[in-house]
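Okay, so here's the structure we're looking at.
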Amino acid sequence: MNDISRPVPGQKAGPKDSTPTPQPVQPRRAEMRVRPTGPILPPTNIQGNALLVVIAIMSFLACLTLGAVSMVRSTAASWESQISREITIQVKPDDGLDMDATLKKARDLALTFVGTKEGMIMDDAATARLLEPWLGAGLDLKELPVPRLVIITIDETHPPDFAAMRDMLRTEVPQAFLDDHRTWVDRLVSMAHTTVLIGTGVLILVFTAMILTVIFATRGALSGNRHIVEVLHFVGAEGGFVATEFQKHFLKISLKGSAAGGILAALLFATAGILQSNTRATPQTDQATALFGTFTINFMGYLGILATMIVIALLTTLTARFTVMRTIDEIDLIRSDPSRSDGLPGS
């Protein structure tokens, strides 16, 4: 078909048409689209969900152990501080003994030593309250040979000479006995150290069980995707690339599991502390407080729980990476051995 703007031969060219000549439409090139590559491991599967639950349980147990150790240590330190700042003089009743005068004499003798601050004589009402849990209310101390107590507050940084004080009291007041609570302090320190050792052992066991679980889970994932790993490795994918893919997969699982277990443990301690504070006047709470102390943990305890969560995630990730790298080394070893490479791709 002739162009309408070109004159026909043998005819005079007329005036040029002002209508623009339509340009032919150029076909568009198809855009190159890169298909996104799928992950080596599926994002969610049965093994991954089971591993997430196991890591959550391990994280909960580890954080619970760490919080319990922190709680016991703070309680033991509080007990040790309270016991260390006071000593007790016990005066036993005797026939013809003026108990009030003897108590004042024992207090005054103790306050003559450097390192003592103040002394307090426990009256009959306070002594009866101490004996009430065992002997009941309404005691008449004059009818019972009950020892009386003098509490001396001392300077913890510069304590007095307990041996010299004990000798003087034995000489001046034969019925008096000095108790500096050293035995109880030593027992508390020993208990705190034992608790820390037990907690450390439990943490080591929990971390060991978690590492073994991650190793088995990683090997299970590798066995299910071994052909893919072998093909990728044989076509040029480095071991670090394959290990990184597994590392990302297990990092996501470990972060979710450790966060779930750690948050659950922190909520447990917070709930126990709130319940204890709201039921402080009940006998059950008083007995539990006297035996275990407060069930709340301080700021450092919560930081310890956060650190435990991070350590669990890092251990899981590094364990998965080392397991994959070791498996790839085994594949390279099998490939280099002709007698063992018959079943491998590309052999």
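The values are calculated or read from the model by the stated rules, or taken from the named source; none is laboratory data. No experiment lies behind these values; they were computed from the predicted model shown. Because the Cβ atoms are built from the backbone with ideal geometry, glycine has one as well, and the counts that use them run over all protein chains shown.
Consider residue 85 against the criteria (1) of a type in the set (Lys, Arg); (2) outside the structural domain of residue 160 (by TED's automatic domain parsing); (3) farther than 28 Å from residue 158 by Cα: it satisfies all of them except one. Which criterion is unmet?
All conditions pass for residue 85, except number (3).
Any idea which residue in segment 152-164 is modelled with the lowest pLDDT, counting only those that are in contact with a helix residue (DSSP H, G or I) (Cβ under 9 Å, 6 or more places away or on another chain) and part of a strand (DSSP E or B)?
Of everything passing the filter in segment 152-164, 154 is modelled with the lowest pLDDT.
For segment 288-347, enumerate the residues that are among the hydroxyl-bearing types (Ser, Thr, Tyr), at pLDDT below 80 and over 26 Å from residue 249 (Cα atoms).
As a first pass, look at segment 288-347 and keep what is among the hydroxyl-bearing types (Ser, Thr, Tyr): 289, 294, 296, 302, 308, 316-317, 319, 323, 327, 336, 339, 341, 347.
Of the ones still in play, those that are also at pLDDT below 80 are 289, 294, 296, 327, 336, 339, 341, 347.
Listed by number, the residues that qualify are 289, 294, 296, 336, 339, 341, 347.
Can you pull out the residues in segment 131-151 that are closer than 22 Å to residue 92 by Cβ and either in a loop (DSSP other than H, G, I, E, B) or touching a residue at least 12 places away in the same chain (Cβ under 8 Å) (or both)?
Within segment 131-151, 131, 139, 140, 141, 144, 145, 146, 147, 148, 149, 150, 151 meet the criteria.
When the residues of segment 102-128 are filtered to those that are loosely packed, with under 13 Cβ neighbours inside 10 Å and in a helix (DSSP H, G or I), which remaining residue is modelled with the lowest pLDDT?
125
Determine which member of the set 196, 231 is surrounded by fewer than 16 Cβ atoms within 10 Å (Cβ to Cβ), touching a Pro at 6+ places or on another chain (Cβ under 9 Å) and part of a helix (DSSP H, G or I).
Numbers: 196 fails: touching a Pro at 6+ places or on another chain (Cβ under 9 Å).
Going through 196, 231 in turn, the sole match is 231.
Is there any pair linking a residue in segment 168-189 that is in contact (Cβ under 8 Å) with a residue 40 or more places away in the chain to one that is part of a loop (DSSP other than H, G, I, E, B) and surrounded by fewer than 17 Cβ atoms within 10 Å (Cβ to Cβ), with Cβ under 7 Å and at least six apart or on different chains, and which?
Partner pairs satisfying both residue conditions: 175/92; 175/94; 175/97.
Answer yes or no as to whether residue 259 is closer than 30 Å to residue 326 by Cβ, assigned by TED's automatic domain parsing to the domain that holds residue 202, surrounded by fewer than 19 Cβ atoms within 10 Å (Cβ to Cβ) and at pLDDT below 75.
No, not satisfied.
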